[in-house]
Amino acid sequence: MADGRLLIVEDDPDDEALILRALKSAHVTNPIDIAHDGVEALAHIFGDAGPDAPIPTPPMVILLDLKLPKIDGLEVLRRLKSDPRSHHIPVVILTSSDEQEDIVRSYRLGVNSYVRKPVDFGRFSTKVAQLGLYWTLINQPFAEDRS
């Protein structure tokens with residue numbers, strides 16, 4: 001697997017455990033960071049640095065729930081995609097919401113993929129495993145030209 005970090009933004013401990021188990025079952029061995037709300041997610045990405053400071057180690061992909069405490073997932077997505085330091089980081093919405101408005105708003109804000117969490121554990125595990133493998137093995141991550 002690629003050595004980039006994954007960031008999971010999920011407030012439900014059961015869903016978090018299922019995501020981690022599915023990634024492990026798919027042999028996704030990348031380091032994984034967890035944020036439990038929108039504030040933690042943004043702090044994880046941007047840290048304490050000022051608005052012009054580069055992000056030291058951006059994750060290779062973010063799995064983002066929509067229904068989060070403090071700052072919801074759509075606002076996290078908006079901030080990530082509107083900031084030139086983070087707009088290139090792939091964001092996958094992984095949510096139980098199938099509301100058309102959430103889907104439309106997510107894509108308008110620049111989400112890379114929108115995946116609804118199935119209720120069935122087997123299907124949920126399969127979807128997460130496929131996501132993990134795609135974003136860590138198949139997708140070619142953005143590499144900033146530093147020349």
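The values are calculated or read from the model by the stated rules, or taken from the named source; none is laboratory data. Note that the structure is a prediction, hence the values are computed from the model and not measured. For neighbour counting, all protein chains shown are included, and Cβ atoms are generated from backbone atoms with ideal geometry for every residue, glycine included. Accessible surface is based on the protein model in full, side chains and every heavy atom, while ligands, DNA and RNA are left aside. Shrake-Rupley method; radii C 1.70, N 1.55, O 1.52, S 1.80 Å.
Output the residues belonging to the range 5-27 that are closer than 14 Å to W135 by Cβ and in contact with a Phe, Trp or Tyr (Cβ under 9 Å, 6 or more places away or on another chain).
Once the filter is applied, which keeps residues that are closer than 14 Å to W135 by Cβ and in contact with a Phe, Trp or Tyr (Cβ under 9 Å, 6 or more places away or on another chain), the range 5-27 yields L6, I19, A22.
Find the helices (runs of 4 or more DSSP H) located wholly in the range 1-96 whose residues include 3 or more that are of a type in the set (G, A, S), and list them.
Values: elements: 13-25, 38-46, 73-82.
Helices (runs of 4 or more DSSP H) meeting the threshold: 13-25, 38-46.
Pick from the range 1-18 the residues that are surrounded by 17 or more Cβ atoms within 10 Å (Cβ to Cβ) and touching a Lys or Arg at 6+ places or on another chain (Cβ under 9 Å): which of them is farthest from L68 (Cα to Cα)?
Filtering the range 1-18 for residues that are surrounded by 17 or more Cβ atoms within 10 Å (Cβ to Cβ) and touching a Lys or Arg at 6+ places or on another chain (Cβ under 9 Å), the one farthest from L68 (Cα to Cα) comes out as L18.
I'd like to know if the range 57-64 contains one or more residues that are touching a residue at least 60 places away in the same chain (Cβ under 8 Å), open to solvent by 40 Å² or more (accessible area, probe 1.4 Å) and over 17 Å from S96 (Cα atoms).
No; the residues of the range 57-64 include none that is touching a residue at least 60 places away in the same chain (Cβ under 8 Å), open to solvent by 40 Å² or more (accessible area, probe 1.4 Å) and over 17 Å from S96 (Cα atoms).
Against the definition (at pLDDT 95 or above, among the basic types (K, R) and open to solvent by 80 Å² or more (accessible area, probe 1.4 Å)), how does R78 come out, yes or no?
Answer is yes for this residue.
If the Cβ limit is 6 Å and pairs must be 6+ apart or interchain, which residue in the range 78-89 that is in contact (Cβ under 8 Å) with a residue 40 or more places away in the chain pairs with which residue that is crowded, with 17+ Cβ neighbours inside 10 Å and in a loop (DSSP other than H, G, I, E, B)?
These pairs meet every condition: I89/P58.
Taking N139 and the conditions (1) in contact with a strand residue (DSSP E or B) (Cβ under 8 Å, 6 or more places away or on another chain); (2) at pLDDT 75 or above; (3) open to solvent by 20 Å² or more (accessible area, probe 1.4 Å), which numbered condition does it fall short on, given that it satisfies the others?
Of (1) in contact with a strand residue (DSSP E or B) (Cβ under 8 Å, 6 or more places away or on another chain); (2) at pLDDT 75 or above; (3) open to solvent by 20 Å² or more (accessible area, probe 1.4 Å), only one is false for N139: (2).
Out of everything in the range 102-122 that is over 27 Å from R85 (Cα atoms) and either of a type in the set (G, A, S) or modelled with pLDDT of 80 or more (or both), what residue ends up being least open to solvent (accessible area, probe 1.4 Å)?
Result: K117.
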